[in-house]
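Colleague: One structure follows; several queries about it will come next.
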C-alpha cells in the first residue's frame, strides 16, 4: 500500500469511530437506563397518589362523609411525597447513580471535544 492509501484508510477509521459515537443509545446505556427508571418511578408515584386518593375517599365513605375528590387528591399528594421516598428508596438510588453515569459520560465527551479543538 502506498502512503496515500494508508492516509485514506486512517481517515475512514476516524470517520467510523466518530459515527459510532453518534449512534442511537443502546438499551443498557446509562441514558436509556435513566429514562426507563425515571418513567417507571413516575408511573409508580402516580399510582401511589391514585391509590391514596381512592383510600381517602373510601375511608370517608365508611364514616358517611362526602370528601371532595380534589381535596382527597391534594391530601394524597402530600402523603405520597414522604411515603414514596421511603418505599422507593432503592429505585431513587438507582436513578441517582444513572444520573452520575450520564454526567460522567457528558464530562468525558466535553473534555474530548475541548482536546480536539485545541489540537486543531
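Colleague: Report yes if some residue within region 31-40 is touching a helix residue (DSSP H, G or I) at 6+ places or on another chain (Cβ under 9 Å), closer than 14 Å to residue 77 by Cα, modelled with pLDDT of 65 or more and in a helix (DSSP H, G or I); otherwise report no.
Modeller: no
Colleague: Hey, among 80, 51, 76, 72, which residue is under 26 Å from the mean Cα position of the chain (by Cα), surrounded by 16 or more Cβ atoms within 10 Å (Cβ to Cβ), over 28 Å from residue 30 (Cβ atoms) and modelled with pLDDT of 95 or more? Steps first, answer last, please.
Modeller: On the way: 80 fails: over 28 Å from residue 30 (Cβ atoms); 51 fails: surrounded by 16 or more Cβ atoms within 10 Å (Cβ to Cβ); 72 fails: under 26 Å from the mean Cα position of the chain (by Cα).
76 is the lone residue from the list that is under 26 Å from the mean Cα position of the chain (by Cα), surrounded by 16 or more Cβ atoms within 10 Å (Cβ to Cβ), over 28 Å from residue 30 (Cβ atoms) and modelled with pLDDT of 95 or more.
Colleague: Another question, then. Taking residue 43, is it in a helix (DSSP H, G or I) and either in contact with a helix residue (DSSP H, G or I) (Cβ under 8 Å, 6 or more places away or on another chain) or closer than 30 Å to residue 100 by Cβ (or both)?
Modeller: Yes; evaluated as a whole, the condition is true for this residue.
Colleague: For residue 80, state whether it is in a helix (DSSP H, G or I) and more than 21 Å from residue 37 (Cβ to Cβ).
Modeller: Taking the combined requirement at face value, the residue does not satisfy it.
The values are calculated or read from the model by the stated rules, or taken from the named source; none is laboratory data. The shown structure was predicted, so the numbers you read here are calculated from the model rather than taken from an experiment. Cβ atoms come from the backbone with ideal geometry, glycine included; neighbour counts cover every protein chain shown.
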